[in-house]
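The values are calculated or read from the model by the stated rules, or taken from the named source; none is laboratory data. Note that the structure is a prediction, hence the values are computed from the model and not measured. Quick reminder, even Gly has a Cβ in these numbers, built from the backbone with ideal geometry, and neighbours come from all protein chains shown.
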Amino acid sequence: MSKLNKYQILFFKWRKRQQNNRMLPFLLSIVTGLVVGLSAILIKTIISYIEIYAVYFSPKVLFFFFPLIGFFLVTFLNKTIFKNIAYFQGSRNAIEAIEQKSSIINFRLIYSKFLTTGLTIGFGGSSGVEAAIITTGSAIGSNIGQFLGLGYRLRTLLIGCGIAAGISAVYNAPTGGFIFALETVLPAFTPTLLIPLLISAATGKILFEFIMGEHLRFESKITSFPYDQIPLIIILGILAMLMASYLSSTYRACARYFTKIKNDYLRALTGGLALGTLIFFIPPMYGEGYISINALLKQEEQSLFLNSPFTQFSNFVPFRLVFFLFLTLLKPVSTGICVNSGGEGGYFAPSLITGGFLGYTFYKVVLLLFPTLNINADTYIFMGMAATFACVMNAPVTAIFLIAEITQSYQLFVPLMLICAVSYFLKYYKENLRPKDDPISEKQKSSRLDRIILNELDLEPLIDKNYIEVKPTDTLRTIVEKFTSAQRNILLVLNQAGNLEGIITLNEIRKQLQNTSGYDSVFAQDIMQPPTLLVEADESIAGIMEKFEKNNIFYLPVVKKGVFKGFISKSQLLAQYRDELMRNNRFF
């Protein structure tokens, strides 16, 4: 363990003096919210400056090459400076860190992703900034916990706080931020999680708004919803589910295609030229896409045709309808190209933008079929966004609160609940249709919660140090004598340095008992079996349980840098798991 600095020493002294340590999570949630709020300000500033100085002041003809420039810069950074952490991509890897890496996240992820994502989106990459802020927020939470020497539970809680604060700041949606952390990242809902997450989300939002000013992602507010349009909402929910499936299929297809290109710079060249071509013909593919959605909310359809070769056809009504359909279908393509060919970013924003285009296209079709129907385009844009986001991100509750908050359209709660329920249920039903003769392994059904509860256990108290050892040069006679007092059916062979060299089982001894002439000529090193399965002292408990289950064994030796420490028993581990499961507040 590295030497503590003076700040850590002061913190530990302060913590030791506290009679009630329950205050600590609340204080740390404020600190996390402040730091993540500053990071959100920084990433928005980077994107803004790149767009202003590299894009707005440049000739329009260069728009074709901007994505290529961004992809090359990001590829260079990920192959050199950020080589070891380039794999980390938003909530998926944050969950992986919680489940498999004891909530330990590399410090450099605090700043690496908002640099690479800022370059990607600033130069026209069609992805979302949310993956960067989720990565940054989770890294900030984890590293605050590591710096202060906190345990797994509090590190996990601070990761959730960092993610909640990041989404809250970027979207001006504190409720959406903390629900997203609960719904997608943290293992389970408990009342004690609410307050730290809410505090962190509120802190991030307040700091962001204090420095950057009040802002809404979408400049429209719905004050009422006519319930006679519920059948249309249900139809849109069905279409949103199908669109979400199309998004996922498109992303996978792009990933398969670009994976075949082994050279990273060639991949960036191919993706940059492909995305540049899309932007040249359809300018709304540039960047995140929020500008296009706001233009539709302001009834400025014509602005989406600016700088496009198709401007001359923009007054033709059927062409407009086809154009918006292509916007809906090509947004996932542009995002798949961006994320898989060299750019950075996530699918959070693209799912919202695609859903918004879908909702507007649906509105245009309904208006064409029923010209006398009094419907609001903004309502269907928001409905499409919520339903598509719910299916793509597997977060229907987040979708409801996020759209209501970022639009300040709280009158839409009931239709938002309805459309998210319809779309997500259909997605769930479709994905879980399996033939009766296609059984699912019980191992595959193990939940994330099980892994996280197991990881909350401390390995050290579970190590059984009551064992009998022999040396490699001990004779069979000595081994048999020691077996008479052994409580288990195995003996350990340790060398002078305490390293585990092998294991002798009772079955092996039985084979040797008939050879009475070998009692003094057969040695431990002759009959021992080398240890094929070991547990490292810093290994996660969830990983240890997987070894037990996979190999159908009940004891495993524990070593630390080769030195034997003791045994861990599957039965004792399961007993501790049950005790932990019964605790009411696992994060405090």
**OP:** Scan region 273-290 for residues that are within 28 Å of the chain's Cα centre (by Cα) and at pLDDT below 90 and jot them down.
**Re:** PRO284, MET285, TYR286, GLY287, GLU288, GLY289, TYR290
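Each row is one residue, and each column tells you yes or no for (1) farther than 18 Å from GLU344 by Cβ; (2) of a type outside the set (A, V, I, L, M).
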| residue | (1), (2) |
| --- | --- |
| ALA255 | no, no |
| LYS260 | yes, yes |
| ASP264 | no, yes |
| ALA268 | no, no |
| GLY271 | no, yes |
| ILE282 | yes, no |
| MET285 | no, no |
| SER303 | yes, yes |
| LEU306 | yes, no |
**OP:** Report whether or not PHE413 is out of contact with any strand residue (DSSP E or B) (no Cβ under 6 Å at 6 or more places or on another chain) and either more than 14 Å from MET243 (Cα to Cα) or surrounded by 24 or more Cβ atoms within 10 Å (Cβ to Cβ) (or both).
**Re:** yes
**OP:** Test PHE208 against the stated conditions and say whether it is crowded, with 20+ Cβ neighbours inside 10 Å, among the hydrophobic types (A, V, I, L, M, F, W, C), modelled with pLDDT under 90 and out of contact with any Lys or Arg (no Cβ under 9 Å at 6 or more places or on another chain).
**Re:** no
**OP:** Just give me the residues in region 340-350 being under 21 Å from ILE403 (Cα atoms) and assigned to a helix (DSSP H, G or I), in sequence order.
**Re:** PHE348, ALA349, PRO350
**OP:** Select from region 149-182 the residues that are of a type in the set (S, T, N, Q) and either surrounded by fewer than 24 Cβ atoms within 10 Å (Cβ to Cβ) or within 14 Å of the chain's Cα centre (by Cα) (or both) and write down the one among them that is farthest from GLY213 (Cα to Cα).
**Re:** THR156
Subject >> Residue among PHE413, PHE425, PHE370 that alone is out of contact with any Asp or Glu (no Cβ under 9 Å at 6 or more places or on another chain) and modelled with pLDDT of 90 or more >> reply: PHE425
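A quick yes/no check of all residues on (1) surrounded by 17 or more Cβ atoms within 10 Å (Cβ to Cβ); (2) touching an Asp or Glu at 6+ places or on another chain (Cβ under 9 Å); (3) over 30 Å from PHE26 (Cβ atoms); (4) modelled with pLDDT under 80:
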| position | (1), (2), (3), (4) |
| --- | --- |
| ILE479 | yes, no, yes, yes |
| LEU506 | no, no, yes, yes |
| ILE541 | yes, yes, no, yes |
| VAL558 | yes, yes, yes, no |
Original post:
If ALA390 satisfies every condition in (1) surrounded by fewer than 24 Cβ atoms within 10 Å (Cβ to Cβ); (2) touching a residue at least 24 places away in the same chain (Cβ under 8 Å); (3) in a helix (DSSP H, G or I) but one, which is the exception?
Top reply: (1)
Subject >> Those residues of region 292-320 which are of a type in the set (S, T, N, Q), within 17 Å of PHE357 (Cβ to Cβ) and in contact (Cβ under 8 Å) with a residue 12 or more places away in the chain, in sequence order >> reply: SER292, ASN294, GLN299, GLN302, SER308, SER314
Subject >> Matching option when the condition is out of contact with any helix residue (DSSP H, G or I) (no Cβ under 7 Å at 6 or more places or on another chain) and over 14 Å from PRO67 (Cα atoms), among PHE316, PHE324 >> reply: PHE316
**OP:** Identify all residues within region 103-159 that are part of a helix (DSSP H, G or I), under 20 Å from LEU186 (Cα atoms) and among the hydroxyl-bearing types (Ser, Thr, Tyr); write none if there are none.
**Re:** THR135, THR136, SER138, SER142, TYR152, THR156
Original post:
Can you tell me which of ILE337, ILE353, ILE293 is assigned to a helix (DSSP H, G or I) and modelled with pLDDT under 90?
Top reply: ILE293
Original post:
Restricting attention to region 113-143, which residues are surrounded by fewer than 24 Cβ atoms within 10 Å (Cβ to Cβ) and over 15 Å from GLY70 (Cβ atoms)?
Top reply: ASN143
Original post:
Which of (1) surrounded by 14 or more Cβ atoms within 10 Å (Cβ to Cβ); (2) part of a helix (DSSP H, G or I) is the odd one out, the single condition GLN312 does not satisfy?
Top reply: (1)
Original post:
Quick check: is even one residue across region 378-394 within 27 Å of TYR428 (Cα to Cα), among the hydrophobic types (A, V, I, L, M, F, W, C) and in contact with a Pro (Cβ under 6 Å, 6 or more places away or on another chain)?
Top reply: yes
Original post:
Is it true that some residue in region 212-222 is touching a Lys or Arg at 6+ places or on another chain (Cβ under 6 Å), under 30 Å from CYS338 (Cα atoms) and outside any helix (DSSP H, G or I)?
Top reply: no
**OP:** Please specify each residue of region 260-309 satisfying the condition of being touching a strand residue (DSSP E or B) at 6+ places or on another chain (Cβ under 9 Å) and surrounded by fewer than 17 Cβ atoms within 10 Å (Cβ to Cβ).
**Re:** none
**OP:** Only residues in region 403-422 that are more than 10 Å from ILE233 (Cβ to Cβ) count as the first member; pair them with residues that are surrounded by 16 or more Cβ atoms within 10 Å (Cβ to Cβ) and among the acidic types (Asp, Glu), Cβ under 9 angstrom, at least 6 apart or cross-chain, and list the lot.
**Re:** THR407/ASP378; SER409/ASP378
Original post:
Are there any pairs with C-beta distances below 8 angstrom linking a residue in region 71-99 that is under 21 Å from SER142 (Cα atoms) and free of Cβ contacts under 8 Å to residues at least 40 places away in the same chain to a residue that is surrounded by fewer than 18 Cβ atoms within 10 Å (Cβ to Cβ) and not small (Gly, Ala, Ser), with the two at least 6 apart or on different chains, and if so which?
Top reply: PHE82/ARG108; ASN84/ASN106; ILE85/ASN106; ILE85/ARG108; ALA86/LYS79
Subject >> Residue identified as polar (S, T, N, Q) and in contact with a Cys (Cβ under 8 Å, 6 or more places away or on another chain) among SER409, SER423 >> reply: SER423
